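Single-structure report; data block below.
The values are calculated or read from the model by the stated rules, or taken from the named source; none is laboratory data. Values in this document were obtained by computation on a predicted structure and should not be read as measured data. Cβ coordinates were reconstructed from backbone atoms using ideal geometry, including for glycine residues, and neighbour counts include every protein chain displayed. Each accessible area value is taken on the protein alone, full model and side chains, heavy atoms only, with ligands, DNA and RNA left out. Shrake-Rupley method; radii C 1.70, N 1.55, O 1.52, S 1.80 Å.
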Amino acid sequence: MTSSSDRSQAVDVQEPKTYEVRTYGCQMNVHDSERLSGLLEGAGYVRAPEGSDGDADVVVFNTCAVRENADNRLYGNLGRLAPMKTKRPGMQIAVGGCLAQKDRDTIVKKAPWVDVVFGTHNIGKLPVLLERARVQEEAQIEIAESLEAFPSTLPTRRESAYAAWVSISVGCNNTCTFCIVPALRGKEKDRRTGDILAEIEALVGEGVSEITLLGQNVNAYGSDIGDREAFSKLLRACGRIEGLERVRFTSPHPRDFTDDVIAAMAETPNVMPQLHMPLQSGSNPVLKAMRRSYRQDRYLGIIEKVRAAIPHAAITTDIIVGFPGETEEDFEQTMHVAREARFSAAFTFQYSKRPGTPAATMENQVPKEVVQARYERLVALQEQISWDENKKQVGRTLELMVAEGEGRKDGATHRLSGRAPDNRLVHFTKPDQEVRPGDVVTVEVTYAAPHHLLAEGAVLDVRRTRAGDAWEKRNAAEAPKPAGVMLGLPKIGAPEPLPVATGSGCGCD
C-alpha cells in the first residue's frame, strides 16, 4: 500500500527540462554553442534527444550575420516554432550570436514569441535571462557592447571527447569593406598565453588529443602586447605538451602570416601540415576595394614558402565571387590564383550585400546572373583541382585519427572514417578488432574522389589511445540507465575537428 508521503514524493518528481542549441556560421559560433550547452547543463537542463527538431523546453539559436540568407533562415525557423510554442506552455526560445547583436529589437518585433535576445559579448547571461523572462513573462533583450569576461572562463559542453576548440582571441581589428563581424564582435582581445596552455593541458588530461586554436584572425595573436612572434611561440609551446598529438589553427590572415609561423609549423611535430588561409579574391583592384592588406603576389608567396617548408601541406581557402566592381578580368585573376595555388579545397561564396558595411553601398554591384555564372566556373575549376590533388595521395600510407559522424554511408559500406594529418577525410575498411573514435589507424590510400579518399585494403595498424578511452568513457556515462532511474545525457556526435564546410564561416578572415 502506498502512503500519502510516497504519493506526494511521486508528484514532486519532475523530469529535467530539455534544451536544443542550433548553430549557424563559423567555428567561433560552434565553440560558443558548446559554452551555451555547458551553461544550460550547469543550470539543470539536459540536452534534447537527437532529432527533436524544436521539441525541447528551451531552443537556442546561435546566429551568424555574414550572409544575407542568415536572416531568412533565422526568421523562417522562428516561424516554424511559433505554433509549437503555442501548444507547449512554458517553452522558451532564445536568439544569440552575431545576428542578435546586429538586429537587437528587430528580432522581437518580427517574432514576438521569442523570449530572450542576447549578444556575442554576454553569452554567460543566458540562464539568468531565461529565468527572468519566465518570471516576468516578457521578452528579455540584453546586448553588451563590449566583452564582459573572456568566454573560455565559462563552462563548456564539448561536442567531442577527443578533439576540442581552444579560443586564443576574440574580435577583429581589420576593416574589410564586406564584413560586419568587427562591429559585432568588437576589437581583438587576446588571452594570456599561460591561460591558453593551461586550458590545453587540462583538455589533454581529460583525453583530448587534438586541439584547434581559434581566432577571428588567429595569427594576429599578440597584437595586444606588441609581440609579432607571439603566435609562432604559442605553436612551439603546444609542441611541448605531452599527450597532445595534433594541433591545428583557423583562420590566419595573409597580412600576419610571417616566416616565423611557417618555421614553427614545419619544426613542431604535432602542428599538422594543413593550412586554411582565406584569399577572398585574386584581383589586386578588388583586394584594394575589399580593404585587404595584401596583394596577389604576397598571397602566392606565402603558399610557395609553406610548400617549400612543408611539402605535403594541404591548403584550403575562402573565395568571394562577384564583389562590387568585379570585372571579368578581375575574376580571371581569381581563377589564375586557384590554378597556381592548387588548393585542396576552396569554400566559395557569392557576394552577399550586408547592411552596415561599406561594400553594401558601393557602385557597380555585379548582376546576379553574372555572379552565378562566374561562381559555377570557379566551382568547376576547383572541383577538378581538388580531384587532381587528391589523386596524388593514392599509394600513400597515412595515420588517421578515427572520427565519429563523418562518414554518412559508413554503416552501409562497412567502413569507418578518419582525418589524415593534412585534414583530408579518408574512409577505410572496418578492421576486425575494435576501433574507437580518437584511436589512430594506419592505412594505404587506394582511391581518390574530389572530396574524400578511400583506403579499401586491410588496416595496417591500430593504435588504441587515451582519446579513444575518453570517447568510450563518455559513451558509457551517457548510455541509458535501467528503468526507474533518470536517463543520462543523450549520446551526441563529434564535430569535424577542422574547418567546417564554410571555412572560417565568416568569409572575412
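Some notes on this structure:
- Residue 424 among the basic types (Lys, Arg), crowded, with 17+ Cβ neighbours inside 10 Å, touching a strand residue (DSSP E or B) at 6+ places or on another chain (Cβ under 8 Å) and farther than 20 Å from residue 207 by Cβ: yes
Conditions tested, residue by residue: (1) in contact with a strand residue (DSSP E or B) (Cβ under 6 Å, 6 or more places away or on another chain); (2) open to solvent by 30 Å² or more (accessible area, probe 1.4 Å); (3) outside any helix (DSSP H, G or I).
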residue: 343; (1), (2), (3): yes, no, yes
residue: 349; (1), (2), (3): yes, no, yes
residue: 359; (1), (2), (3): no, no, no
residue: 370; (1), (2), (3): no, yes, no
residue: 374; (1), (2), (3): yes, no, no
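- Selection within the range 380-393 - surrounded by 14 or more Cβ atoms within 10 Å (Cβ to Cβ) and of a type outside the set (Lys, Arg): 381, 382, 383, 385, 386, 389, 390, 393
- Taken over the range 327-338, the criterion of being open to solvent by 10 Å² or more (accessible area, probe 1.4 Å) and under 14 Å from residue 285 (Cα atoms) is satisfied by 327, 328, 329, 330, 332, 333.
- Qualifying positions in the range 17-42 - over 21 Å from the mean Cα position of the chain (by Cα) and under 21 Å from residue 81 (Cβ atoms): 17, 18
- Some residue of the range 196-217 being more than 23 Å from the chain's Cα centre (by Cα), within 26 Å of residue 440 (Cα to Cα), among the β-branched types (Val, Ile, Thr) and surrounded by fewer than 23 Cβ atoms within 10 Å (Cβ to Cβ): no
- The set of residues in the range 394-415 being surrounded by fewer than 20 Cβ atoms within 10 Å (Cβ to Cβ) and in a loop (DSSP other than H, G, I, E, B) consists of 394, 395, 396, 405, 407, 408, 409, 414.
- Tabulated pairs, the range 420-435, first more than 15 Å from residue 405 (Cα to Cα) and assigned to a loop (DSSP other than H, G, I, E, B), second open to solvent by 50 Å² or more (accessible area, probe 1.4 Å) and among the acidic types (Asp, Glu), C-beta under 8 angstrom, 6+ apart or interchain: 420/399; 421/399
- Of all residues in the range 28-50, those satisfying the criterion of being in a helix (DSSP H, G or I), modelled with pLDDT of 85 or more and of a type in the set (A, V, I, L, M, F, W, C) are 36, 39, 40.
- Count of residues meeting criterion [under 21 Å from the mean Cα position of the chain (by Cα) and among the acidic types (Asp, Glu)] in the range 228-252: 1
- In the range 169-195, residue modelled with the lowest pLDDT [restricted to those that are in contact with a strand residue (DSSP E or B) (Cβ under 6 Å, 6 or more places away or on another chain) and open to solvent by less than 10 Å² (accessible area, probe 1.4 Å)]: 171
- The conditions of being farther than 30 Å from residue 181 by Cα, aliphatic (A, V, I, L, M) and surrounded by 14 or more Cβ atoms within 10 Å (Cβ to Cβ) are not met by residue 366.
- Residues located in the range 262-299, provided they are of a type outside the set (D, E, K, R), at pLDDT 95 or above, within 23 Å of residue 322 (Cβ to Cβ) and open to solvent by 40 Å² or more (accessible area, probe 1.4 Å): 284, 285
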